[in-house]
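Peer 1: Have a look at this one.
Just so you know, all these numbers are worked out from the coordinates, no wet-lab data involved. Since the structure is predicted, the reported quantities are computational estimates derived from the model, not experimental observations. FYI the Cβ positions are ideal-geometry reconstructions off the backbone, even for glycines, and counts take in every protein chain you see.
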Amino acid sequence: MKDKFKKRLSSKTNVVITGLGLITPIGIGAPDFWNACLKGRSGVKPMLPTQNRCLSVSIAGTVLDFVPSSFISPGRPDRMDRFSHFAIAATKFAMEDARLKLEQENRRKIGVIFGSSVGGMIVAEEEIERLHTGGPKKVHPKLIPAYTLNASAAEVAIKWGMKGVNLSISTPYVSGTAALGVAYDAFQLYDLDVLVAGGMDAPLARLTSKFILRTGLVSSKAIRPFDKKRDGFVLGEGCAVLVFERLEHALERGASIYAEYGGYGQTHSALSHDIDSRMKAADLALEMASVSREEVDYIHANGTATREGDVIETEMIKALFGDRAYEIPISATKSMIGHTIGAAGAIELAVCALAIRDGVIPPTINYETPDPECDLDYVPNFARKMKVRVALSNAFGLYGDNVVSVLKRFTL
């Protein structure tokens, strides 16, 4: 057993992306999302008066026209939180996109790895209110299975009978990105054919929104990454699920491949947000992907539109790429959908996969006034046609978490 384990560690398993499922404020399903993204459509809207009183935020990226019962068996939606609703819907889309026929697969070789930062906060708040108004006997037994961070991964595994590795990752603000990295690692450690992996959060709950509002990093107008008039991010909700597949398995079944997952790097800045820790994460990702700095064609920025954060990210990119930083297009799609917390990095990696497939990169919208401290090419307001061979995606968290991922165009 020990020799078999060592052998697996010494040989690399190539992992490719064969399916995408997205639930976002600008589109439900990858085609609708991508079409809106390339048009620079904003999903950030004023909250309804009833929502505003509850949430204390005036605008947000809300997923509209989402009907859980369209994806979940009757009776089940009421026993789940909204973030699990998103996970099931996005997984369905992703598997359909990958043309994955589970009846032909060994389900013990199919796993689920998801990331969430807040879990089932909406359900938790409902049950806490029941506790205060009616006492302990009024608290529904669904609370624990619906609220816990692993609820979405468990519900997906149960629905489709996926019996491989099942993990839930919570690394605030970068949970989805970290989950995708852990999914890549899982292929190196376990005998897997397929993993559905990604991130999801439904943070438009009272406690979450009030906490984030208290950080002083939230805008009441718009999210304007890298713009001189930026004044913070806008809260959003959403989900991205990616079908990760062992390369040989994908080729054997004739799957279409968006991109190859090259690797990732993860570090922590210990609250200092230092540039060196972020650069180290990028270099680890590039090394794992066997890609040089000179080969990077496109960067998806973290781009939270905070005064300090965008400057630090710009400086990090300059330090990493030198003068070439001015030649690399950078975009930040949080400008369209808000900060979806644990879902953000997974959505943004899906953006990179679509950019590689289609040879077009999305814009950073709401960019009007250049900032001398943020002076790179942020692809302002309009999408741009460009062949992308290597994409780098940044995900940086409020508490110093850094995860950088690399996707590569797949070639035989």
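Peer 1: Over segment 66-159, consider all pairs of different Cα atoms and compute the Kirkwood hydrodynamic radius from their mean reciprocal separation; express it in Å, one decimal.
Peer 2: Its Kirkwood hydrodynamic radius stands at 14.5 Å.
Peer 1: For segment 85-97, what does the Karplus curve 6.51 cos²θ - 1.76 cosθ + 1.60, with θ = phi - 60°, yield as ³J(HN,Hα) per residue in whole Hz, taken in order and with x for Gly and Pro?
Peer 2: After applying 6.51 cos²θ - 1.76 cosθ + 1.60, I find 4, 4, 4, 5, 5, 5, 5, 4, 4, 5, 5, 5, 5 Hz.
Peer 1: With θ taken as phi - 60° and the coefficients 6.51, -1.76 and 1.60, list the Karplus ³J(HN,Hα) couplings across segment 151-159 in order, rounded to whole Hz; mark glycine and proline as x.
Peer 2: So the J values, rounded to whole Hz, are 4, 5, 5, 5, 4, 5, 4, 5, 4.
Peer 1: Starting from the Kirkwood Rh over alpha-carbon pairs, what translational D in µm² s⁻¹ does the chain have by Stokes-Einstein at 25 °C and 0.890 mPa s? Display every interim value, and only then the final one.
Peer 2: Numbers: Rh = 21.1 Å.
It comes out at roughly 116 µm²/s.
Peer 1: Something else: Can you put TRP160, TRP34 in order, fewest other beta carbons within 10 Å first?
Peer 2: Starting with the residue having the fewest Cβ neighbours, the order is TRP160, TRP34.
Peer 1: What list do you get for LEU131, LEU204, LEU22 if you sort them by fewest beta carbons within 10 Å?
Peer 2: Ascending Cβ contact count within 10 Å gives the list LEU131, LEU204, LEU22.
Peer 1: Would you order LEU195, LEU213 from fewest to most other beta-carbon atoms within 10 Å of each residue's own beta-carbon?
Peer 2: LEU213, LEU195
Peer 1: For segment 271-412, what is the convex hull volume of the alpha-carbon atoms per residue, in Å³?
Peer 2: It is 104 Å³ per residue.
Peer 1: Calculated from DSSP H runs of 4 or more alone, at -39500 (n - 2.57) each and per residue, what is the 222 nm mean residue ellipticity of the chain, nearest 500?
Peer 2: -11000 deg cm²/dmol, from helical runs alone.
Peer 1: Quick one: 3J(HN,Hα) in Hz for segment 26-39, Karplus 6.51/-1.76/1.60 with θ = phi - 60°, rounded, Gly and Pro as x.
Peer 2: 10, x, 9, x, 4, x, 5, 4, 5, 4, 5, 4, 5, 7
Peer 1: Jot down the radius of gyration and Dmax of segment 223-321, Cα atoms only, both in angstrom.
Peer 2: Cα-based Rg and Dmax for segment 223-321 come out at 16.8, 51 Å.
Peer 1: Another question, if that's okay. For segment 163-190 and segment 71-125, what is the centre-to-centre distance using only Cα atoms, to the nearest Å?
Peer 2: Using only Cα atoms, the two centres lie 15 Å from each other.
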